[in-house]
Amino acid sequence: MKAASASADHDAERLLWVAAIVLAASLPHLLGMPVWVPAFLIGTMALRIASALRGWRAPGRPLRLLLAFAAFCGVLARYRTINGIEAGSALLVVMMGLKFLESRNHRDQLVLIMLSYFLMFASLLSERSPLTIVYCLVLVWLTTVSLLHLGRVGRKGDGRATAKLASRLLLQSTPIMVLLFLLFPRLPEPLWAIQSDASGATSGLSEQMSPGDIASLKLSDAIAFRVEFDGRVPNERELYWRGPVMNAFNGRTWRMAPAARRAPQATIEYLGEQFDYRVMLEPSGHNWAFALDLPKSWSGPRHLRMNGDYQLGLSFAGPPLPRYDYRATSYTRYLAREPLADTQQRMLTRLPAGSSPRTRALVATWLADDPSPRQIVARAMDYLRSQPFYYTLTPRTLRDEPVDEFLFDTREGFCEHYASAFAVMMRAAGLPARVVTGYQGGERNRLSNYYIVRQSDAHAWTEVWIEDEGWTRVDPVTAISPGRVTQDAWRTSFGDQAAAGAGVSVRVPWLSNARLLLDAGYFYWNSWVMGYGPEVQSALLDRLGLHDTLGGHASTLLLLVVAVTIAASIALSLYLAWRYRRKPGIDAAARQFAAFARRLARQRVLPPSPSEGPIAYAARARRLLPRAAAEIDAIVALYLRARYEPDADRSILAQLRARVAAFSPARA
Amino acid sequence: MPVAAVQRLERWAAGWARRRQGADPLAVILKRRRIYILPTAFGASFGAMVLAMLLASLNYGANLGFALTFLLAGLGLVAMHHCHNNLLGTRLRFIGAAPVFAEQVAEFRIAVENTSATLRCEIELAHEQIVSEPVDVPAGGAETVRVAVPTRRRGWARLDRFAVQARYPARLFRAWTWVHMDARCLVYPRPAPPGRPLPQSSGSGAAGRQSRGDSDFSGLRSAVPGDPPQRIAWKAYARSEVLLLKEFAGGDSEPCMLDWDSLSELDAEARLSQLARWCLEAAAESRPFGLRLPGRTIALGTGEPHLSACLEALALHPTAQ
């Protein structure tokens, strides 16, 4: 009876341990799941543990089947699918609860521990915060300890030894992990369609732009992307990162018109210096890519294309990729002399009928003076410069005629107001014009050579199509304050509001340095671990000089993976053989005894034969050397204690060593 | 896969290993070349999980997923090597096997000695479907493991083959080797059921036997099937869970000769069984007894060694024809 209850306690203890691991592994999932999922998991676990403690009968098969069916339907009802990370994780969590409920033996518990790895894995698929990574690292270790503990056959080892073994196994597998990570071929696109889970974090840029709506511009310090230039870096005034292009205007809102055409790149003439760089994009919830105005070539995900508005983006119609990196080459000077078809001409000069009458009237006076496009642009910039326009993040709202009200009444706004109004003025003059959104500038990380482009660097400017010159960039904001586009002026102009909003002052130099240092760490983590993909892998192979050895990269990599795995395997086996082959430490005593026997052999006492134990040998030696008998007995007694007593300590070995060293049968 | 097919496969593999390895001496150190390793069912499911993780990582292009996948793949690889190494340098020595009666289970005692510098974990010895309790052997240490082999008939029971195996660490892999030692255990004939009285050599037995049970207690010996239950030392059994029989120094010790030819109505094996029963009964009564077999005679005697010698003669009696 006593034994039975002790074993029940033991059983419950093991179950508690498994429950803790499973709960810890599902924690990152549980936070985003409907409440009933964690409740289900905890409920099933509690039921099982209680039945182990109280000796209740385990729930029968019909009840378990019913629970399984209900859980399955629950997941299906909530997610409408069982595919994808979130639904799959929810299903996994409830199924693990059921498995826990029916777990009977070590094997079931081992399977649960193993599935905990999979839960962790699922949370790593979508999660990228450093905290989760640290959490998972600790959890992987704990899970491995549990796996080793529960996986022991027979008598349980002590916890500390198991923990040490887990650390050793994980440390030994780390080099294999690193090599496989670097060498395993990556796919440029998914094997099967990825279910879109969350709506994604929407950023400062969106698919439409309504300058009258203040709330739409939310400045944040969140990072949009990072850029690493290969060689020379362009002037900061020229850092225009081109993004979505707005073509259609309804009097209030600019929208992206569908631009399905391929870019008429052949008509673009690139001038001056070329800049090579790599962009590491933060997840934005969009499939846009940003490039320095204007990119000539790029490489990255296979679907990265340039559309008719010179915007880079992933062309597949699907949910956004969580993160992708690409390389590009850009020229900051170019002539985009694209011939415009009539339909395009009409679309790009279209204004809603009867809108912005005052603007139209103003532009008409300019046209009357000089209808040349250059002159119109200059007059418009002059107008912004000469009138009291202000740059502010909190402009008054605009009502029925936003453009007229902005240009003639309020005269305050941010880049979108200016870009929109400028484009309207151009269209009123019959010039094709559009609004380009993107980012301007960026913060150079002084501690490392790359640029951080934040959401607060979001910008909008205008492009005007001029006969013979093609698309020409005009940034009307530069008319407001000449220094505004340089980095510091830009920051200052935003400074107060941004800092007040974010609650972080960046004026303290060491704090700013620490922040940059942190960001540099994050940058390298992102570019080498999170952003490690086919591109970086190819670059690595090229650097190793393995580019052309075999057909494609993938086959070279696969071969390398196989070779490296075999090599690692051999190395590991040699290492283990070396570790395990060393002579046991217990032989210290035996070595002393051998030295003792050598000394006796000089006095014609034959060394002990293999079948002769130390006591028989001592008796023989005593007979031959009666004068040394006491010393021989003492040494043999010490040897026996040092060698065979389980709790013999080092002092006995030391005594033995001293006695053997002092032993000289000749003198005795 | 059907169990029978697995067993057939295993038997074939064992036969192949026997041809490859040859016979082993009574003490053998396990070398790298003869240690085989395969994933267990649990290890295979672990591998399947890692494969699923790899596919998912490829699909989502998730580098952290790749990292965990490859860490676990590395863990599996490392575990495989630890499992293989765990048996290396283990020395197996046949210590002996106490004789048993036919149809009892012979226990071959094998010393598992660790000649390496590190702890060896969870070593099991398996024969057919019977797996011993796992033992951990510290560096330089030794543990005795009993391999149980059911016996059928008298003579020598051979432990022709047994497996040394370990599923350490975490039961992901099973490393094993087969050992083919010439380890033998003597099997006495199964004693016939009691009933047939001991032969009286000189007719004066009845009076003398009266005083037999009350004589002085002289010691204990291990009990065998068919011993009278009233003479089992139950108190000793409660202490040590070993069945012992109380022996008494009989005041009367009338010698008897146990003769093969006196049992002419039985066949050869039955005669041997009956003789074994008589030997046990005579020894239990501390009567001097002798044995007369065709071609061999053992003179009168008493005591444990004498009993063993007689039973051994019965066990190794050549079969008829």
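Table: residues versus (1) more than 23 Å from B:Ala98 (Cα to Cα); (2) among the basic types (Lys, Arg); (3) part of a helix (DSSP H, G or I).
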| residue | (1), (2), (3) |
| --- | --- |
| B:Ala270 | yes, no, yes |
| B:Gln274 | no, no, yes |
| B:Arg277 | no, yes, yes |
| B:Leu280 | no, no, yes |
| B:Arg287 | yes, yes, no |
| B:Thr297 | yes, no, no |
| B:Leu300 | yes, no, no |
| B:Pro305 | no, no, yes |
Tell me, which residue of region B:284-321 that is in contact (Cβ under 8 Å) with a residue 40 or more places away in the chain and among the polar types (S, T, N, Q) is surrounded by the most Cβ atoms within 10 Å (Cβ to Cβ)? B:Ser286
Going by the structure shown, is B:Ala52 surrounded by 19 or more Cβ atoms within 10 Å (Cβ to Cβ), without any contact (Cβ under 8 Å) to a residue 40 or more places away in the chain, within 13 Å of another protein chain (Cβ to nearest Cβ) and touching a Phe, Trp or Tyr at 6+ places or on another chain (Cβ under 9 Å)? no
Just the residues that are part of a helix (DSSP H, G or I), more than 13 Å from A:Met95 (Cβ to Cβ) and not hydrophobic (A, V, I, L, M, F, W, C), please, taken from region A:49-67. A:Ser51, A:Arg54, A:Arg61, A:Pro62
Helices (runs of 4 or more DSSP H) wholly inside region A:595-668 that include at least 1 residues being within 60 Å of the chain's Cα centre (by Cα): A:629-644, A:650-662
Number of the exception - B:Thr90 against (1) over 20 Å from B:Ala44 (Cα atoms); (2) at the interface with another protein chain (Cβ under 7 Å from one of its Cβ atoms): (2)
Does B:Gly76 satisfy the condition of being more than 7 Å from every other protein chain (Cβ to nearest Cβ), farther than 23 Å from B:Ala23 by Cα, assigned to a helix (DSSP H, G or I) and modelled with pLDDT of 85 or more? yes
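Each row is one residue, and each column tells you yes or no for (1) surrounded by fewer than 22 Cβ atoms within 10 Å (Cβ to Cβ); (2) over 35 Å from the mean Cα position of the chain (by Cα).
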{"residue": "A:Gln440", "(1), (2)": "no, no"}
{"residue": "A:Gln455", "(1), (2)": "yes, no"}
{"residue": "A:Trp461", "(1), (2)": "no, no"}
{"residue": "A:Ile466", "(1), (2)": "yes, yes"}
{"residue": "A:Trp471", "(1), (2)": "no, yes"}
Considering each residue of region A:111-135, count those that are surrounded by fewer than 23 Cβ atoms within 10 Å (Cβ to Cβ), aromatic (Phe, Trp, Tyr) and facing another protein chain (nearest Cβ under 7 Å), and give that number. 1
Within region B:63-112, count every residue that is free of Cβ contacts under 8 Å to residues at least 24 places away in the same chain and within 15 Å of the chain's Cα centre (by Cα). 1
Residue count for region B:126-142, restricted to those that are at the interface with another protein chain (Cβ under 9 Å from one of its Cβ atoms) and either in a strand (DSSP E or B) or hydrophobic (A, V, I, L, M, F, W, C) (or both): 3
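Residue-wise test of (1) in contact with a Lys or Arg (Cβ under 6 Å, 6 or more places away or on another chain); (2) of a type in the set (Val, Ile, Thr); (3) without any contact (Cβ under 8 Å) to a residue 40 or more places away in the chain.
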{"residue": "A:Leu76", "(1), (2), (3)": "no, no, yes"}
{"residue": "A:Arg80", "(1), (2), (3)": "no, no, yes"}
{"residue": "A:Gly84", "(1), (2), (3)": "no, no, no"}
{"residue": "A:Gly88", "(1), (2), (3)": "no, no, yes"}
{"residue": "A:Val94", "(1), (2), (3)": "no, yes, no"}
{"residue": "A:Arg107", "(1), (2), (3)": "no, no, yes"}
{"residue": "A:Ile113", "(1), (2), (3)": "no, yes, no"}
{"residue": "A:Ser116", "(1), (2), (3)": "no, no, no"}
{"residue": "A:Ser126", "(1), (2), (3)": "no, no, no"}
Which pairs have Cβ atoms under 8 Å, sit 6 or more apart or on different chains, and link a residue in region A:557-569 that is closer than 15 Å to A:Pro534 by Cβ and within 13 Å of chain B (Cβ to nearest Cβ) to one that is at pLDDT below 80 and part of a helix (DSSP H, G or I)? A:Leu557/A:Gln537; A:Leu557/A:Leu541
Show the residue pairs that are 6+ apart or on different chains and have beta-carbon atoms under 6 Å apart, the first residue being within region A:455-470 and under 17 Å from A:Ala378 (Cα atoms), the second being of a type in the set (Phe, Trp, Tyr) and part of a strand (DSSP E or B). A:Glu463/A:Trp471; A:Trp465/A:Trp471
Looking at (1) more than 7 Å from chain A (Cβ to nearest Cβ); (2) surrounded by 21 or more Cβ atoms within 10 Å (Cβ to Cβ); (3) not charged (D, E, K, R), which is the only condition B:Thr115 fails? (2)
Is one or more of the residues making up region B:7-29 in contact (Cβ under 8 Å) with a residue 12 or more places away in the chain and within 14 Å of another protein chain (Cβ to nearest Cβ)? yes
Looking only at region B:24-51, which residues are assigned to a helix (DSSP H, G or I) and of a type in the set (A, V, I, L, M, F, W, C)? B:Ala41, B:Phe42, B:Ala44, B:Phe46, B:Ala48, B:Met49, B:Val50, B:Leu51
Residue among B:Val149, B:Val164 that is outside any loop (DSSP other than H, G, I, E, B), out of contact with any Cys (no Cβ under 9 Å at 6 or more places or on another chain), modelled with pLDDT of 85 or more and over 30 Å from B:Asp259 (Cβ atoms): B:Val164
Search result, residues across region A:349-377 that are in a loop (DSSP other than H, G, I, E, B) and within 19 Å of A:Thr253 (Cβ to Cβ): A:Thr349, A:Arg350, A:Leu351, A:Pro352, A:Ala353, A:Gly354, A:Ser355, A:Ser356
Picking from A:Ala428, A:Ala479, which residue would you name as being touching a helix residue (DSSP H, G or I) at 6+ places or on another chain (Cβ under 9 Å), modelled with pLDDT under 80 and under 23 Å from A:Asp370 (Cβ atoms)? A:Ala479
Might you check whether a residue that is on the phi > 0 side of the Ramachandran plot and either assigned to a loop (DSSP other than H, G, I, E, B) or touching an Asp or Glu at 6+ places or on another chain (Cβ under 8 Å) (or both) occurs anywhere in region A:381-403? no
Checked B:Ala102, B:Ala148, B:Ala73, B:Ala67 against criteria (closer than 27 Å to B:Glu312 by Cα and crowded, with 18+ Cβ neighbours inside 10 Å); the one match is B:Ala102
Can A:Ser167 be described as at pLDDT 90 or above and among the small types (Gly, Ala, Ser)? yes
Kindly provide the set of residues from region B:10-40 that are of a type in the set (Gly, Ala, Ser) and more than 25 Å from B:Leu172 (Cβ to Cβ), ordered by number. B:Gly15, B:Gly22, B:Ala23, B:Ala27
Say we look at region B:168-188 and pick out the residues that are in a loop (DSSP other than H, G, I, E, B) and surrounded by fewer than 24 Cβ atoms within 10 Å (Cβ to Cβ); which of these is nearest to the other protein chains (Cβ to nearest Cβ)? B:Asp182
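For (1) of a type outside the set (Ser, Thr, Tyr); (2) assigned to a helix (DSSP H, G or I); (3) closer than 22 Å to A:Ala24 by Cα, each residue gets a yes or a no:
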residue: A:Leu47; (1), (2), (3): yes, yes, yes
residue: A:Phe69; (1), (2), (3): yes, yes, no
residue: A:Val75; (1), (2), (3): yes, yes, yes
residue: A:Ile82; (1), (2), (3): yes, no, no
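The values are calculated or read from the model by the stated rules, or taken from the named source; none is laboratory data. Quick caveat, the model's predicted, so the values are computed rather than measured. Note: ideal-geometry Cβ built from the backbone for every residue, glycine included; neighbour counts use all protein chains shown.
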